[in-house]
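Readers should treat all values here as calculations from the given coordinates under stated rules, not as data from a laboratory. Quantities reported herein were computed from a predicted structural model and do not represent experimental measurements. All Cβ positions, even for glycine, are placed from backbone atoms using ideal geometry, and neighbour counts span all protein chains on display.
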Amino acid sequence: MNIFNVNIDMIASFFFAGLCGLLLKICLSYSDQKWVNTYHYTLTFILLPVITLTITRIISNNIALALGMVGALSIVRFRNPVKNPFELVLYFLLITIGIGMAIRSIYGFGLTFFSIFVIICTSLFKKKYNSLFSLSFSEGRPQHQVEITSYTKIKEIEENKFLIQKIVNKLENDNYEYFYRLSSVNKDDIENIKNENFLKDNKNITNLTINYFY
């Protein structure tokens with residue numbers, strides 16, 4: 001008796017779902033979107049399609065289990081701010097690839113290669129007609145960044161010239177969460193911000209993350 005009930009097709013689906021996510025990450029990296037080169041983004045691109053594939057297979061043809069899964073997942077709260085609309089599109093893309101691989105592999109492969117085709121064509125068009133696009137903080141340039149999350153507004157950060165993004169999330173009981181992202185091509189600028197006293201003495205800061213690009 002095989003207690004593990006090994007299914008070769010399922011294992012292959014896991015592998016190809018992760019591979020599709022990895023191919024998208026590599027394609028974005030070669031399209032000068034250097035922000036995907038971090039460890040966390042690499043794992044996200046590989047694992048998210050596989051996780052979605054697993055959930056889809058588990059709840060397929062079982063309404064009771066599907067409702068139970070929805071209830072279980074509803075208690076999970078994600079508070080990581082999305083950096084820009086393109087990142088949100090990529091998350092939906094990875095999730096849809098996982099769903100497609102669970103239903104029929106050709107759907108996942110087709111969506112993956114169509115997306116790669118669009119990314120490559122857009123990248124080539126941008127390099128030739130760069131003047132048609134406005135500059136964004138995430139255009140792929142290697143910049144050092146610091147991300148700060150706080151339960152209170154930080155006036156010094158909001159007045160800082162390196163601030164490129166501010167997000168305010170409303171929490172329970174009329175409380176708010178403030179997310180700041182500062183960026184500079186000079187590593188010393190980020191180091192100076194990190195060492196500011198108003199950050200060290202602020203007990204309302206829940207997260208301070210620094211990303212250096214070399």
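Assorted remarks:
- Annotation: amide H of GLN165 within the under-5 Å range of ARG181, sequence separation 5 or more or interchain, hydrogens built in the peptide plane.
- In plain terms, the residue of ARG57, ARG181 with the fewest other Cβ atoms within 10 Å comes first and the most crowded comes last, giving ARG57, ARG181.
- From least to most packed, judged by other beta carbons within 10 angstrom and beginning with the fewest, LEU90, LEU19 follow the order LEU19, LEU90.
- Under Karplus coefficients 6.51, -1.76 and 1.60, residue-wise ³J(HN,Hα) of segment 104-118 in Hz, glycine/proline x: 7, 4, 4, 5, x, 5, x, 5, 4, 6, 5, 5, 4, 4, 5
- Reachable lysines from LYS128, criterion Cα separation under 23 angstrom, eight or more residues apart if same chain: LYS25, LYS34
- Ranking of MET101, MET10 by neighbouring Cβ atoms within 10 Å, starting from the fewest: MET10, MET101.
- HN-Hα J in Hz across segment 192-205 - Karplus 6.51, -1.76, 1.60, θ = phi - 60°, x for Gly and Pro: 5, 5, 4, 8, 5, 5, 5, 8, 5, 8, 8, 7, 7, 6
- When the listed pairs LYS166/LYS200; LYS155/LYS200; LYS126/LYS194 are checked against a 26 Å cut-off, the alpha-carbon distance exceeds it for LYS126/LYS194.
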